[in-house]
Amino acid sequence: MIYANYAATAPALSRGVVNELYGYIGGIHLNGGRNFEGLEAQALALRARRAVARLFGVSDPLRVIFTGGATQSLNMLIHGLVREGCHVLATMMEHNAAARPLEGLRKNGRIGLDWLPCSPEGFLDAEEVRKAIKKNTRLLVMTHASNVLGTILPVTECFRIARAQGVFTVLDAAQTGGILPLTMGECCDALVFAGHKGLGGLAGSGGFVLGEALSGEMRPWMSGGTGSASGSLAMPDFMPDRFEPGTQNTIGILSLAASIEEILRIGVETIRERERGYTARFLSGLGDIKKVDPCGTRDPDRCVPVVSVVIRGYDAGEASRLLFERHGIITRSGLHCSPLAHQTGGTFPGGTVRFSFGGGTTDAEIDGILEGLSAL
Ligand SMILES: Cc1ncc(COP(=O)(O)O)c(C=O)c1O
């Protein structure tokens with residue numbers, strides 16, 4: 001088997017993470033904040049908050065909120081930040097995790113919404129942000145990198161323009177957490193992360209970091225028990241409890257703590273360099289294969305390790321199936337939860353075969369994929 005679907009989910013947890021999880025599952029398994037013993041779970045969560053805070057250069061770990069993943073985080077942030085009649089900007093590269101809640105609000109007449117246009121390779125000119133901002137623009141939501149084209153968006157530049165005009169900024173770092181070096185303070189007001197991709201945690205883990213600027217602006221979209229301020233019918237006004245109702249996914253949170261600590265030991269720069277090498281090798285090899293057209297940028301410095309291709313004469317699903325059956329290559333095919341990106345890249349509705357690389361990828365695997373594609 002050659003696993004080339006890291007952009008969807010990391011295939012296996014590292015040995016060190018698995019060992020930690022076994023120890024936890026076989027031992028104490030309690031509900032943070034709900035009883036004396038639950039302090040253990042709170043301590044685990046604090047360890048994970050510290051790891052996330054270090055990874056994204058955040059000084060206060062209590063600003064790290066854990067949720068069921070990037071989708072839940074984006075919904076919480078979007079619904080918690082918009083106000084009736086406000087205007088929101090997002091890019092044509094957004095994943096449906098952001099695009100659907102935004103479009104739902106627009107359809108119900110609650111917000112105005114504009115999609116910032118990108119080039120067919122997925123590039124965005126930051127000046128588009130300046131042109132699109134209106135008097136009532138309240139929020140700019142941007143993915144850091146397209147999950148279809150791999151292209152990295154100029155988020156720092158776009159957010160600088162937006163923040164200078166009083167627009168709040170939300171970064172979807174689902175495709176870049178643990179993959180690209182990133183310091184939140186210099187960049188955005190809120191940062192969303194997915195646990196099960198570059199961060200190497202369990203599926204169903206993830207969260208967001210809420211910057212100081214949003215403290216009084218963000219309303220809880222979900223409410224419930226927190227084990228704190230229990231005499232009140234309102235959510236607590238302090239972090240992180242304000243945005244963490246219900247029993248937390250402690251096993252997922254522990255997987256994040258253990259995995260991010262490993263990432264910090266290796267260094268995101270080192271990971272980036274290694275994965276950039278796989279993308280470069282793959283893109284260069286594709287140049288020698290006829291009838292396989294890469295979508296997005298061909299510059300490995302400008303993308304994450306995600307390369308979508310169109311194979312002329314083949315339906316994307318059929319090509320993906322043949323690669324698996326004949327060569328054991330696991331890809332993702334079709335539309336990748338981002339119809340606007342496919343429309344921009346000219347691959348709607350047929351979709352693409354998407355190859356994505358990560359921690360377990362090797363040069364030999366890249367060569368194996370190229371051979372499989374050549375044979376096809
Ligand atoms: C850019 C982007 N945002 C959000 C998500 C959703 O992440 P999660 O699975 O954690 O909800 C994905 C997952 O593919 C993604 O690629």
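The values are calculated or read from the model by the stated rules, or taken from the named source; none is laboratory data. All of these numbers come straight from a predicted model, not from anything done at the bench. Glycine also receives a Cβ, built like all others from the backbone with ideal geometry; neighbour counts cover every protein chain displayed.
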Expected single match for away from the ligand (no atom under 16 Å from the Cβ), outside the structural domain of PRO305 (by TED's automatic domain parsing), closer than 25 Å to THR344 by Cα and crowded, with 23+ Cβ neighbours inside 10 Å among ALA162, ALA145, ALA174 is ALA162
Can you tell which of LEU116, LEU105 is within 20 Å of TRP221 (Cβ to Cβ) and surrounded by fewer than 23 Cβ atoms within 10 Å (Cβ to Cβ)? LEU105
Suppose we keep only residues that are small (Gly, Ala, Ser) and free of Cβ contacts under 8 Å to residues at least 24 places away in the same chain within region 226-255. Which one would you say is farthest from GLN72 (Cα to Cα)? GLY231
With (1) modelled with pLDDT of 95 or more; (2) in a helix (DSSP H, G or I) as the list, and ILE65 as the residue in question, which single condition is left unmet? (2)
Does region 95-108 hold any residues that are closer than 18 Å to PRO339 by Cβ and free of Cβ contacts under 8 Å to residues at least 60 places away in the same chain, and which are they? ARG100, PRO101, LEU102, GLU103, GLY104, LEU105, ARG106, LYS107
Single condition THR362 does not satisfy, out of (1) within 16 Å of the ligand (Cβ to nearest atom); (2) on the phi < 0 side of the Ramachandran plot; (3) not hydrophobic (A, V, I, L, M, F, W, C): (1)
Selection count where residues are at positive phi, within 14 Å of the ligand (Cβ to nearest atom) and out of contact with any Gly (no Cβ under 6 Å at 6 or more places or on another chain), scope region 326-345: 1
Name the residues in region 109-138 that are within 23 Å of PRO339 (Cα to Cα), in a strand (DSSP E or B) and away from the ligand (no atom under 16 Å from the Cβ), would you? ILE111, GLY112, LEU113, ASP114
What are the residue pairs meeting all of these: first residue in region 67-79, first residue within 9 Å of the ligand (Cβ to nearest atom), second residue in a helix (DSSP H, G or I), Cβ atoms under 6 Å, and 6 or more apart or on different chains? THR67/SER73; ALA70/ALA97; THR71/ALA97; LEU74/ALA97; LEU74/ALA98
Of all the residues that make up region 349-376, how many are more than 20 Å from ALA12 (Cβ to Cβ) and among the charged types (D, E, K, R)? 2
Can you say whether ALA45 is farther than 30 Å from ARG302 by Cα and either within 16 Å of the ligand (Cβ to nearest atom) or in contact with a Phe, Trp or Tyr (Cβ under 7 Å, 6 or more places away or on another chain) (or both), as far as the supplied structure shows? yes
Condition first: away from the ligand (no atom under 16 Å from the Cβ) and either surrounded by 22 or more Cβ atoms within 10 Å (Cβ to Cβ) or in a loop (DSSP other than H, G, I, E, B) (or both). Now tell me which residues in region 83-102 satisfy that. ARG83, GLU84, GLY85, VAL88, LEU89
If I filter region 71-79 for residues that are in a loop (DSSP other than H, G, I, E, B) and assigned by TED's automatic domain parsing to the domain that holds GLY195, do I get at least one hit? no
